Amino acid sequence: METVGRVNLTLAGGLRFSIDFGCEGALTTDASPPLGTGTGPDSEQLLVAAVANCLAASLAVSLRKYKNNDVPMNVSAIARVSRNDQGRPRMVGVSVDIRLGAAEGDIRFLDRSLAQFEDFCVVTQSVRGAIPVEVRIFDVAGALLTA
């Protein structure tokens, strides 16, 4: 088994943690009110960001594989939370929208990239074992390329 993605967390006070990723700077997280003060992203936002980032990076790699220059993209993601039988909040879904900054017809082998990029996303494929992840891709004109 390979070890990757080591991070170090230090309690900064309250529910704020400083997270050291081993590169420049650290990220401060905090729980949302009423438990925390909301001065940084919470755990749910970090998970959603990891899923969205992994999908966007996988799509970028897939597009480059087919000799496309960097295709601009804007990504938004949301988590849906509901209460379980014990009344505790749980993530029940993640929705990710990727908006490409190019027209469908201007991207070489787009259909091939869209067919495979999710398979290469380590985080999304791991999370999908517990949480449904919906991904939609749009071109620059807003046309839905995947559903």
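The values are calculated or read from the model by the stated rules, or taken from the named source; none is laboratory data. Predicted, not measured: the structure shown is a model, and the values here were computed from it. Methodologically, a virtual Cβ is constructed for each residue, glycine included, from the backbone with ideal geometry; neighbour enumeration extends over all protein chains shown.
Applying the set (1) at pLDDT below 90; (2) in the same structural domain as VAL122 (by TED's automatic domain parsing) to ALA26 leaves exactly one unmet item: (2). Every residue in region 40-62 that is among the β-branched types (Val, Ile, Thr) and either surrounded by 15 or more Cβ atoms within 10 Å (Cβ to Cβ) or not assigned by TED's automatic domain parsing to the domain that holds SER76 (or both), please. Matches in region 40-62: VAL48, VAL51.
Quick grid of which residues meet (1) of a type in the set (Lys, Arg); (2) within 27 Å of THR146 (Cβ to Cβ); (3) out of contact with any Asp or Glu (no Cβ under 9 Å at 6 or more places or on another chain):
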position: THR10; (1), (2), (3): no, no, no
position: ALA60; (1), (2), (3): no, yes, no
position: ASP70; (1), (2), (3): no, yes, yes
position: SER82; (1), (2), (3): no, yes, yes
position: SER95; (1), (2), (3): no, yes, no
position: LEU100; (1), (2), (3): no, yes, no
position: ARG112; (1), (2), (3): yes, yes, yes
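Checked against the criterion of being crowded, with 17+ Cβ neighbours inside 10 Å and either of a type in the set (A, V, I, L, M, F, W, C) or in a strand (DSSP E or B) (or both), the candidates VAL81, VAL96, VAL92 yield just one match: VAL96. Selection of strands (runs of 3 or more DSSP E) fully inside region 1-72 by the criterion of at least 3 residues being hydrophobic (A, V, I, L, M, F, W, C) and over 30 Å from GLN116 (Cα atoms) returns 8-13. Taking the criterion of being part of a loop (DSSP other than H, G, I, E, B) and either of a type in the set (Phe, Trp, Tyr) or out of contact with any Ser or Thr (no Cβ under 7 Å at 6 or more places or on another chain) (or both), the residues of region 117-132 that qualify are ARG128, GLY129, ALA130, ILE131, PRO132.
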